[in-house]
Structures are given as structure tokens and as C-alpha cells.
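> Shown below is the structure under consideration.
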């Protein structure tokens, strides 16, 4: 399945209950209703990145929208993990 990176708002700006929900979702390894599976979240002082698997960039955007996070289509980049 394709993998994507996207820059949602930084974790410090995210409510604690949303962080807890996202942590649970990441550790479950289960796809959400849009088919997105969270793989990693990278948190920096200024920026956060989500690394996910999903059927399409639109599935990534719809999954984030369900959490109240609007992503511009240009923010969702398909990536390949090198061995």
C-alpha cells in the first residue's frame, strides 16, 4: 500500500485527548474508516510529520479531516521507504 508524509499542526497545539486518541490509533495498527493506517508521528519543536499507509492521498486528507485537521492536497506527499 502507498505510504505518505504530511505536516499536521504541531503536537503542542493539539488537545491532550486528541493526542491520546492518535497514540491509541497508531499502536493498534488497524486502518480507520478511510483505510489509513498510522505508522509513525515525528514531533519536532516547530513541526510534526505523520507517516501513514493509505489507499490514496485523498484517504489521508479525509482521515485527518475526521479529526478536525484540514490538510491542503499539496501537503500530502507519497514517499518510499528505502531499505
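Bear in mind these aren't lab numbers, they're just calculated from the coordinates by the rules spelled out. These figures come from a predicted structure and were not determined experimentally.
> Compute the relative contact order of region 26-72 as a whole-number percentage, counting only Cα pairs closer than 8 Å that sit 6 or more residues apart in sequence.
Over region 26-72, the number comes to 30 percent.
> Run the helix sum for the chain: -39,500 (n - 2.57) per DSSP H stretch of 4+ residues, divided by residue count, reported at 222 nm to the nearest 500 deg cm²/dmol.
-8500 deg cm²/dmol
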